[in-house]
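The values are calculated or read from the model by the stated rules, or taken from the named source; none is laboratory data. The structure displayed is predicted, hence computed values, not measured ones. For neighbour counting, all protein chains shown are included, and Cβ atoms are generated from backbone atoms with ideal geometry for every residue, glycine included. Side chains are part of the model used for accessible areas, which takes the heavy atoms of the whole protein and leaves out ligands, DNA and RNA. Shrake-Rupley method; radii C 1.70, N 1.55, O 1.52, S 1.80 Å.
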Amino acid sequence: MSLRITPLTGNVGASVEGINLNEPISPEVFSELSAAFLKYCTLVFRDQFIGPAAQVAFARHWGEPVVTAGLSKLQMAEHPEVIQITKIPKATSSTEAWHYDSPFTAVPPKLSILSAQVVPNGGDTMWTNQYVAYDRLSEGMKRMLAGVRVRFRGVRLARMQGIPDKDIACAVHPLVRTHPETGGKVLYIAQSDNIESFDGMTPEETRPLLDYLYAHCTQPDNIYRHMWRAGDVVMWDNRCTMHYAVHDYGEQERVLNRVTLKGEVPV
């Protein structure tokens, strides 16, 4: 059966049919998947029901699995490349805001793969295309942002994992980064409490521009919202998409297995 790749919105996300992720993938199929991934930034595979071993095997086609500092306590004992995301209290959730994964590390991951094990009513995840966000800026704004660097801090993750303030991870990266495979430019930002300031500017100077860019990136016509079903596998490019995990499911059980792959230093 040949692959069927169907766009899910006008700007981000595509569904992939005609593949079983529990089976080995040929180089030809991987080449098709890779091209689709770079084009659509987020790929959705329904009804896969893959276990941790199959998820790791699929992930290794794309690179080297890594576990973000601060998440090691979520690793599966039998498959340490996999972290298991379970029900997180809404008050301490680090993901209920638009964000890239781990921009506060020196080498943020390049992509993540989620496999839905137990799905509540609700608990959707949304993605936004950061190529589009950058392209929609005026030429004057693009010139102003060129060369600006951002001081990221892992405040939300530290809060969720009980990490003391003195151990919060920090890193400085370009506000406009270049995707290493496509050469496209993207806006590289995060929610306000995970950004200390733009480098060389005060927090007070940073906040109005950051608030504008944050709202600009997340316009409704630049979003794909995924309604999870058990068995789903979704992968996204962490170099050109932000995502937002909606926490509207109260005390219902929610279990997702995640594998994240080593990325590159943003430039």
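In this structure, Asp248 does satisfy being outside any strand (DSSP E or B) and under 27 Å from Asp47 (Cα atoms). The set of residues from segment 165-189 being of a type in the set (Val, Ile, Thr) and out of contact with any Phe, Trp or Tyr (no Cβ under 9 Å at 6 or more places or on another chain) comprises just one member, Thr178.
Of all residues in segment 101-128 being more than 11 Å from the chain's Cα centre (by Cα) and open to solvent by less than 10 Å² (accessible area, probe 1.4 Å), which is nearest to Gly250 (Cα to Cα)? It would help to see each step written out before you state the result.
The first filter runs over segment 101-128 and keeps only residues more than 11 Å from the chain's Cα centre (by Cα), leaving 104-107, 115-124.
Among the residues that remain, those that are also open to solvent by less than 10 Å² (accessible area, probe 1.4 Å) are: 115-116, 123.
Numbers: Ser115: 21, Ala116: 18, Gly123: 9 Å.
Across segment 101-128, the extreme among qualifying residues is Gly123.
For every residue, the table says whether it meets (1) of a type in the set (Val, Ile, Thr); (2) within 27 Å of Gly183 (Cα to Cα).
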{"position": "Gly200", "(1), (2)": "no, yes"}
{"position": "Pro203", "(1), (2)": "no, no"}
{"position": "Leu209", "(1), (2)": "no, yes"}
{"position": "Leu213", "(1), (2)": "no, yes"}
{"position": "Asp232", "(1), (2)": "no, no"}
{"position": "Asp237", "(1), (2)": "no, yes"}
{"position": "His243", "(1), (2)": "no, yes"}
{"position": "Val246", "(1), (2)": "yes, no"}
{"position": "Arg254", "(1), (2)": "no, no"}
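Suppose we keep only residues that are at pLDDT 95 or above and of a type in the set (Phe, Trp, Tyr) within segment 217-267. Which one would you say is nearest to Thr125 (Cα to Cα)? Per the stated criteria, the residue is Tyr244. Looking across segment 55-73, the residues that are in contact with a strand residue (DSSP E or B) (Cβ under 7 Å, 6 or more places away or on another chain) and either open to solvent by 20 Å² or more (accessible area, probe 1.4 Å) or not in a helix (DSSP H, G or I) (or both) come down to Trp62, Gly63, Glu64, Pro65, Val66, Val67, Thr68, Leu71. If you go through segment 229-245 and keep only what is part of a loop (DSSP other than H, G, I, E, B) and open to solvent by less than 20 Å² (accessible area, probe 1.4 Å), you end up with Gly231, Asp232, Asn238, Arg239, Cys240. Applying the condition of being under 14 Å from Leu175 (Cβ atoms) and among the hydroxyl-bearing types (Ser, Thr, Tyr) to segment 193-207 and asking which residue is surrounded by the fewest Cβ atoms within 10 Å (Cβ to Cβ) yields Ser197. Inspect all residues belonging to segment 41-54 and state whether any of them is open to solvent by 20 Å² or more (accessible area, probe 1.4 Å), within 24 Å of Val82 (Cβ to Cβ) and of a type in the set (Lys, Arg). There is at least one residue in segment 41-54 that is open to solvent by 20 Å² or more (accessible area, probe 1.4 Å), within 24 Å of Val82 (Cβ to Cβ) and of a type in the set (Lys, Arg).
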